[in-house]
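I have placed the structure first, in the form of C-alpha cells, so that the comments after it can refer back to it.
The values are calculated or read from the model by the stated rules, or taken from the named source; none is laboratory data. What you are looking at is a predicted structure, and each value in this text was computed from that prediction instead of being measured. Heads up, the Cβs are rebuilt from the backbone with ideal geometry, glycines too, and the neighbour counts pull from every protein chain shown.
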Amino acid sequence: DAMVIQNPRYQVTQFGKPVTLSCSQTLNHNVMYWYQQKSSQAPKLLFHYYDKDFNNEADTPDNFQSRRPNTSFCFLDIRSPGLGDAAMYLCATSSKRGVGPDTQYFGPGTRLTVL
Amino acid sequence: GENVEQHPSTLSVQEGDSAVIKCTYSDSASNYFPWYKQELGKRPQLIIDIRSNVGEKKDQRIAVTLNKTAKHFSLHITETQPEDSAVYFCAARRAGSYQLTFGKGTKLSVIP
C-alpha cells in the first residue's frame, strides 16, 4: 500500500546530542512537510519542501534543519536537542501546492524524548 | 495570517447522541477546510473536508457545513460510537497556499 513511513517510531537522545528523523513516502507526492506536535496541542508546521524547493516557517528555530535528497525521502535534523524539543514529529505529504485536491497525508510520527 | 478558533476544547456525549464541533477562521481567502481525527499516540487522519464552493458535505455519520459569510464551519457526528472518541482538529488553508492552520483541537469522549 502507498503510504508515509517514519523511522524510528521512538527516539531517545541526550540533551545536545544531534538526532536525525527520517520520512519516506511511496505516494510520489511533490510536497513533504515536517510538523512538531506537543502534548495536547495542534501540529505546528516547521517547514516544507515543494520538490526540492525548501520553505522554512519564520518561527522555526535554527536548531531544526531538513534535507530532501530525492522525492521519496525527507530528513529532519535537530542539531542540539533541548528539553523543549521533546515532542511527536509528524511527516506529511501532499500532491500539489495549494491547488486542487491535495489532502495532506500524515505518517505515524516519531516520538522524541530528550534526556 | 490565518487564525482558526475551535470550540469546545472538550466534549462528552452519550453513545448514540450527536456531537458538534465548531470552528471559525479569519482569512476570507481561505478555501479549503479539512477535519482530522487523532487517536491517542497515532497520526492525524483526514475524516472529511470541504471546499468553499460547497455549503455542506456528508459521509455516512459525518457531515461538515460551511458558512462563508460568517467564516465558520462545523463538524457533525451522528449516532456516536465509543470508537469516535479522539481529538478532532479543524484546519483552514488559504487559496494558493501550502499551509494548513489548525485549530487547537477538541477532545471528544463518547460514553457507552
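Out of all the residues in segment A:1-15, which are surrounded by 12 or more Cβ atoms within 10 Å (Cβ to Cβ) and part of a strand (DSSP E or B)?
Result: A:V4, A:I5, A:Q6, A:N7, A:Q11, A:V12, A:T13.
If we keep just the residues of segment A:38-58 that are within 18 Å of B:K104 (Cα to Cα) and away from chain B (no Cβ under 11 Å), which is surrounded by the fewest Cβ atoms within 10 Å (Cβ to Cβ)?
Within segment A:38-58, the match that is surrounded by the fewest Cβ atoms within 10 Å (Cβ to Cβ) is A:K38.
When you scan segment B:31-48, how many residues do you find that are closer than 22 Å to B:P8 by Cα and crowded, with 17+ Cβ neighbours inside 10 Å?
So the count comes out to 11.
Looking at B:R93, is it under 21 Å from A:A92 (Cα atoms) and either away from every other protein chain (no Cβ under 11 Å) or modelled with pLDDT under 95 (or both)?
yes
Working only within segment B:26-46, note down all residues that are closer than 21 Å to B:Y98 by Cβ and among the hydrophobic types (A, V, I, L, M, F, W, C).
Selection gives B:A29, B:F33, B:W35, B:L46.
Read through the list (1) farther than 23 Å from B:F102 by Cβ; (2) surrounded by fewer than 18 Cβ atoms within 10 Å (Cβ to Cβ); (3) touching a residue at least 24 places away in the same chain (Cβ under 8 Å), then give the number of the only condition that A:L27 fails.
A:L27 satisfies every listed condition except (1).
Within segment A:59-70, count every residue that is crowded, with 16+ Cβ neighbours inside 10 Å, away from every other protein chain (no Cβ under 14 Å) and more than 22 Å from A:Q14 (Cβ to Cβ).
1
Would you confirm whether any residue within segment B:74-85 is farther than 23 Å from A:S40 by Cβ and acidic (D, E)?
Yes, there is a match, as at least one residue in segment B:74-85 is farther than 23 Å from A:S40 by Cβ and acidic (D, E).
Looking only at segment B:86-112, count how many residues are crowded, with 23+ Cβ neighbours inside 10 Å, touching a Leu at 6+ places or on another chain (Cβ under 9 Å) and in a loop (DSSP other than H, G, I, E, B).
Residues meeting the conditions: 1.
The rows are residues; the columns are (1) in a loop (DSSP other than H, G, I, E, B); (2) more than 28 Å from B:V4 (Cα to Cα).
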{"site": "A:K17", "(1), (2)": "yes, yes"}
{"site": "A:T20", "(1), (2)": "no, yes"}
{"site": "A:S24", "(1), (2)": "no, yes"}
{"site": "A:N28", "(1), (2)": "yes, yes"}
{"site": "A:M32", "(1), (2)": "no, no"}
{"site": "A:L45", "(1), (2)": "no, no"}
{"site": "A:N55", "(1), (2)": "no, no"}
{"site": "A:S66", "(1), (2)": "no, no"}
